[in-house]
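The values are calculated or read from the model by the stated rules, or taken from the named source; none is laboratory data. Not measured: the values here are computed from a predicted model. Every residue, glycine among them, receives a Cβ derived from its backbone with ideal geometry; neighbour counts consider all protein chains shown. Calculation scope for accessible area: heavy atoms of the full protein, side chains included, ligands and nucleic acids excluded. Shrake-Rupley method; radii C 1.70, N 1.55, O 1.52, S 1.80 Å.
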Amino acid sequence: MIAQKFEYTAPKSLDEALHLLASGAKPLAGGMSLIPMMKLRLAAPEHLVDLRTIKDLNYIREAGGQLHIGATASHYEIESSALLRQKCPLLTETAAAIGDVQVRNMGTIGGSVAHADPAADYPAALQALEAKFVLNGAKSERTVSAADFFVDAFTTTLEPGEILREVIVPIDDARTGTSYQKMVQPASGFAIVGVAVRVRQNARKVSFARIGVTGLSNHAYRATAAEKALEGKTPSANDIQNAAALVAQGVDANSDLHASADYRKHLAAVHAARAIKSAISRIT
Amino acid sequence: MATTTTKTETFVGKRIRRREDPRLITGTATYVEDIQMPGMHYAVILRSPHAAARIRSIDTKKAVSAPGVVCVFTGKDTKGVGAVPCGVAMPDLRVPQHTILATERVYFVGHPVAVVVARDRYLARDAADLIEVDYEVLPAVADPEKALAKGAPAVHPQWPDNVAFTYHQDGGNIDKAFAEADVVVKQRIVSQRLVPMAMETRGVVAEWRGADRQLNLYTSTQIPHLVRTIVAAMLGLEENRMRVIAPEVGGGFGSKLNVYAEEALMGYVSMKIQKPVKWIESRRENFTCTIHGRGHVDYYEVAAKRDGTILGIKLKLIQDVGAYHQLLTPLIPQLSVLMMPGLYNTQNIRGDIIGVFTNCVPTDAYRGAGRPEATHGIERMVDILAAELKMDPAEIRLKNFVTKDKFPYPTATGLMYDSGDYATPLKKALDLVGYVKLRQEQADLRKQGKYMGIGISTYGEICAIGPSPATPAGGWESATVKIEPSGKVTILTGACPHGQGEETTFAQIAADELGVGLDDILVIRGDTAVVQYGIGTFGSRATAVGGTALYYALQDLKAKIKKFGEMLLESDDVSLMIGQVIDNKSGKAKTFQEIAGAAYRALKLPPNTEPGLLATRFWEPPNFTFPFGAHIVVTDIDDETGQIKIRRYVAVDDCGNILNPLIVDGQVHGGVAQGLGQALWEQAVYDDNGQLVTGELTDYAVPRAQMMPWIESHHTCTPSPINPLGVKGVGEAGTIGCSPAVVNSVVDALSPLGVRHLDMPLTPEKIWKVVAKKN
Amino acid sequence: MKISGSYNLPVAPERAYQILQDPAILAQAMPGCESLEQIGPDEYRMKMKVLLAALSGQFEGKVRIADQAPPTSFRLIVEGSGRIGFLKGDGLLKLSPPDAGAAGLTVVSYEGDAQVGGTMAAVGQRLIDGTAKMMIRKFFDKLASLAG
Ligand SMILES: Cc1cc2nc3c(=O)[nH]c(=O)nc-3n(C[C@H](O)[C@H](O)[C@H](O)COP(=O)(O)OP(=O)(O)OC[C@H]3O[C@@H](n4cnc5c(N)ncnc54)[C@H](O)[C@@H]3O)c2cc1C
């Protein structure tokens, strides 16, 4: 459990970091995914650039009717943010479901999103929230939607030298309810499956539904068929079951020691139904 | 001569906080990893990635010339070092030559192949990657039942049937019992391989002092003296030229009740390079080269009368040995056979063990060592029998218990249960959990299609290991008590506590006996140069055996103190009281300090008395002790996901007299945590090629604090007549009682679906498959 | 570990069969392939660099093609090892026109066994299945783009 030799830089500014990254260095955030891999020598970056020493990457704030979260906001900072609890409870609920206390103290939202572990929790919520990610390179800045960002297992649209600088999520009105339901893999803490639901009702009718699913396949995705099945309905228990059953439809499900593909699909439907019910019940 | 001991403040029996904890929780304890020495070198071990392979060649050239590297050793270099020993002698035991580094072949993933020594550990690790080993990969077998099948790859080519040993034990008349039975129930029960997972991995620092011809070995072990005897012999060193120190040991659970290749290897390296060398096991290594536990496939048959009376028990036990025997490997399943009858009054048993070689890490003692497997088996079988006869599981147990008038009770397996009252803890647990009401609630829930289960396990165990004839290396324990010239008390124990709290409980015993305060007492363990020979800490023995040795040493010392008191007070009627000796007639007193001062100054001595205040005792126990208890677990099953929720966990343990209830609770809690680990989460899974696929904590699910249910811990007290303290031992009770209670509970919950047995771990998917079938 | 699946290539079976055995094309399509040189009839030496998020590993190994039945099936045997572990795969690839019989299309279905060893096997249970699928998907995507 001894990493290969590497250089480490603690830059003060984003520009400095981007400059180093442009010449092949790798960003280090909470280190909760990267460092274990380095210790096992599954990863051997030659140069790490610590993003946590850049003060202006750590913030959670409201601006222009949206919420802006800096890349190095830790899971704990998100979980305990009064602003997010009030204006984006889905994110605080999801953050609180990640791993254990130590991991939440160290891990960051930017690291989790950039790493794109197929079983990570945030991506489900961020899909449901239709989040946007601001990506910066040494000479570029672009904004990518969650729907376009996650490409495959551990694969995103981030280009070499680019970092995820900020996560932007919308502020929902009071007629919106959200919920994140997760089945925990007992060894790692990751999601066997996790389903994030965001529903809006208008006169008891679902006017809008967004469902993000993680853990089930190569990357988190939006279950659009299930969303459509809910929209326009005043959903009965049966409607909810039927919609939930659609979240795993046609998905090439993951299978491992902890859960077979069939079980995962089943769990996705169960957790979707629970999340939908819970989200609706939370609409004030 | 009338002398009495009177005390005002006593400590035994009180919830006293552990005196060892402040250093443990403030990060100031010294573990092997914390030891630094001038000139220290670091070793990294290259291990086989294959489960079975022939080594064609090893090329160490690049590694040797890498920066900072001092040398690289392979099996060719270490041929002169003795083999890692198996401490168990049995007829027909096949013992493969277990060299400290692989020579021609590797037998399991993790098998040590070469050691790189460098001036820092980073350079050593880098250089390990430069060693080129040319392996000819051979077919492997990782499953003991597959290894027994015809045509299976031979783990050791000289033994194509893969049988490591067999063992047979008959008691009573088993054939008659089965012939007379109204019912016979049979079940295959797996007790899966587990990884012991001490928080501190193993580690060794070896320091050879050439000029003194002295080897100091710091190692994370439960048995420093045995390590000294064995490693000295492996290295061809005189035993008194070797000093073994077990500094703070961060958990062992049996995994450090062993002598490992790396202990001798580091001694060898230090002697070669004439410098101190350190090796710290990584967690990855811990998974693949420290012993595993359990690894049974058990075939049970129980014969009974229609009224539930158990007539006889048969067990065919297949023990997954792994590639080698470690110190006690073949002994562990024998403990299972000894425990076969559990708490039940049957005189007919038949136990057959087949030990099987596989291309896996060797198995050996893990918390409970053979007894959890046995208890799991018999407690599952009793439930299966109850279901077959449509009897209540509590009732069938009460019917078959050895009753309390029968002690000492000889078992069909040749044990003599010391004392017991098995019905009382069960009845207490039933009351505490509200059994009758729960059964009503269960009936109501079943009508609603909900699954709730109540699981009972009534366990017994073999503790205070043990009488010397029953152990490979002596079953006694030693203690020295010294009163220093200043009157302070030092205890040297031959046991080697590593988390069990004897620094506190031994001080409690001594404080009460001598009438001094806890702070006047220091307990020292784990250093062969300081402590007289001892056996170590395992098998719930440290207090029952080591504490008894201490007790007798204290009696010797008290007698001597009194003699000095009588002399100084010029009286023949004195009492020992709160740090002083009092003349019962005049009321005059001499403090401990005064007495110690006189004993060491030695201007005048009592008749036939030597100077100094020191006593040493080696105590040989006449028997084991047999604690027991009842655990009841109430579970609710989420039929959509298969998840098990533990609603109640009631433990009523009887470990004899309790010296410190706080420590006993801690032992029960930790034991239950590991029992739950086996019941619900943990499994060492090898694939067909012998790769350990649960080889890290991302896939091997050890219990964490947030996964624990609330444990309601209660006790009954049946003192042991075996030792004057009346204690039995509690280190393993929680683990032994737990897993069958959990599985019985879940099987009970699912019994409306026709479920009779489920193997551990009870993963949600396993449960879901059962529940989904009915839907 | 069992691996199976299928993929549609936008060329006729004969062409599909041909490109699936063309070292130059395979070298381009295999994710991370750095070189593929022929060392015997139907046998190639391969160097590969796997880059997956933070994970990186160099592999060296052999690829062998056997049981050729053009244009319908062949066996592919892959062996590779590197510092982070080793892998062995043995699979049967079957090529057929799609049921609907559309011309210029081939359904490649594959079925086989993969063995993974070393650090990868011990720490990657959660990831191996998904990663294997992804690599296969990437391979066929690239192959499809090179097929025309
Ligand atoms: C025991 C344990 C349990 C865990 N349980 C869970 C769980 O239940 N759910 C869950 O979702 N996660 C879990 N995790 C993962 C955890 O949330 C990680 O913190 C997270 O996935 C990665 O974030 P990090 O800040 O630690 O990133 P790092 O490990 O520092 O980096 C991860 C990768 O992302 C890159 N990177 C980091 N930041 C950026 C950026 N801003 N822009 C571009 N690239 C970047 C790095 O170069 C690296 O490749 C667990 C981890 C551990 C160790």
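General remarks:
- With a 10 Å cut-off around each Cβ of C:129-138, the average count of Cβ atoms from other chains is 5.
- Taking the C-alpha atoms only, the angle from helix C:125-147 to the longest principal axis of chain C is near 40 degrees.
- DSSP bridge orientation in region A:1-151 - percent antiparallel, rounded to nearest 5: 65 percent
- Pairs spanning more than 18 Å between alpha-carbon atoms, out of B:K404/B:K437; B:K316/B:K390; B:K399/B:K428; A:K265/B:K773; B:K305/B:K428; B:K314/B:K404: B:K404/B:K437; B:K316/B:K390; B:K305/B:K428; B:K314/B:K404.
- Karplus-derived 3J(HN,Hα), 6.51/-1.76/1.60, for each residue of region A:64-72, Hz, glycine and proline x: x, x, 10, 9, 10, 10, x, 4, 9
- Semi-axis lengths (Å, descending) of the ellipsoid that matches the C-alpha gyration tensor of the protein assembly as shown: 55, 37, 33
- Three principal axis lengths of region A:176-281 [C-alpha, angstrom, descending]: 45, 25, 21
- Mean accessible surface per residue for chain A, computed with a 1.4 Å probe while every protein chain stays in place, in Å²: 39 Å²
- Residue by residue, region B:275-287 carries 3J(HN,Hα) couplings of 9, x, 9, 10, 10, 10, 5, 7, 5, 4, 5, 3, 5 Hz when phi is fed to the Karplus relation 6.51 cos²θ - 1.76 cosθ + 1.60 (θ = phi - 60°); x denotes Gly or Pro.
- Cα centroid separation, region B:490-552 to region B:58-85 (Å): 41 Å
- Quarter of the Cα convex hull surface for region B:214-324, i.e. its orientation-mean projected area (nm²): 10.6 nm²
- Calculated mean residue ellipticity, 222 nm, chain B: -8000 deg cm²/dmol, from DSSP H runs (n ≥ 4) at -39500 (n - 2.57) each, averaged per residue and rounded to 500.
- You can think of it this way: the chain between B:D638 and B:E388 has 87.4 nm of extra reach, that is 0.36 nm per residue less the Cα-Cα gap.
- Placed amide H near A:I192: partners under 5 Å, 5+ positions off or other chain: A:M183, A:V184, A:Q185
- Remark on region C:54-86: accessible area falls by at least 10 square angstrom from chain-alone to full-complex state for C:A54, C:L55, C:S56, C:R83, C:I84, C:F86, probe 1.4 angstrom.
- Two-decimal ratio, chain B, of alpha-carbon radius of gyration to 2.2 N^0.38 Å: 1.00
- Here the convex hull built on the C-alpha positions of region C:2-147 has a volume of 103 cubic angstrom per residue.
- List of region A:36-51 residues, accessible area with partners at least 30 Å² below that of the chain alone (1.4 Å probe): A:M37, A:L40, A:R41, A:L42
- Annotation for C:K94 and A:D262: the two label points, set 7 Å from Cα along the Cα-Cβ direction, are 2.2 nm apart.
- Using a 1.4 Å probe over protein heavy atoms, the accessible area lost on pairing A with C, summed over both chains, comes to approximately 1700 Å².
- Karplus (6.51, -1.76, 1.60) ³J(HN,Hα), θ = phi - 60°, over region A:254-270, in Hz, Gly and Pro reported as x: 5, 9, 8, 3, 8, 6, 6, 4, 5, 5, 4, 5, 4, 4, 4, 5, 4
- For the listed residue pairs B:K62/C:K47; B:K560/B:K604; B:K14/B:K560; B:K645/B:K766, the alpha carbons are over 19 angstrom apart in B:K62/C:K47; B:K14/B:K560.
- For region A:7-51, the alpha carbon convex hull comes to 60 Å³ per residue, rounded to a whole number.
- Mean projected area in nm² (Cα convex hull; one quarter of hull surface) for chain A: 14.4 nm²
- Under 5 Å, built H, 5+ apart or other chain: amide partners of A:V151: A:T156, A:T157
- Each principal axis of the Cα cloud of region A:58-170 was taken in turn, and the coordinate range along them, longest first, works out to 34, 32, 23 Å.
- Taking all pairs of distinct alpha-carbon atoms in region B:651-712, Kirkwood radius in angstrom: 13.8 Å
- Distance between region B:167-233 and region A:149-186 - C-alpha centres, whole angstrom: 49 Å
- Inter-part distance where region B:648-727 and region B:573-626 are each reduced to a Cα centre, Å: 40 Å
- Amide H partners (placed H, <5 Å) of B:G250, local residues excluded: B:E200
- Burial of 40 Å² or greater, region B:695-727 residues [accessible area, probe 1.4 Å, versus chain by itself]: B:E696, B:T698, B:D699, B:R704
- Using a 1.4 Å probe over protein heavy atoms, the accessible area lost on pairing A with B, summed over both chains, comes to approximately 2000 Å².
- Heavy atoms of B:T694: accessible area, 1.4 Å probe, square angstrom to 10: 0 Å²
- Solvent-accessible area lost on pairing C with B (1.4 Å probe, both sides summed) amounts to about 1000 Å².
- Within chain B, helices built from complete DSSP H runs that reach 24 Å or longer along their own axis (Cα positions) and carry a mean Kyte-Doolittle hydropathy of -0.5 or higher are B:371-389, B:548-569, B:733-750.
- The value obtained for region B:473-565, namely the Cα convex hull volume divided by the number of residues, is 93 Å³ per residue.
- Each DSSP beta bridge with both residues in chain B is either parallel or antiparallel, and the antiparallel ones are about 80%.
- Summed over the residues of region B:383-540 and divided among them, the accessible surface reaches 34 Å² per residue at a probe radius of 1.4 Å.
- Surface composition of the protein assembly as shown: carbon and sulfur make up 52 percent of the accessible area, probe 1.4 Å.
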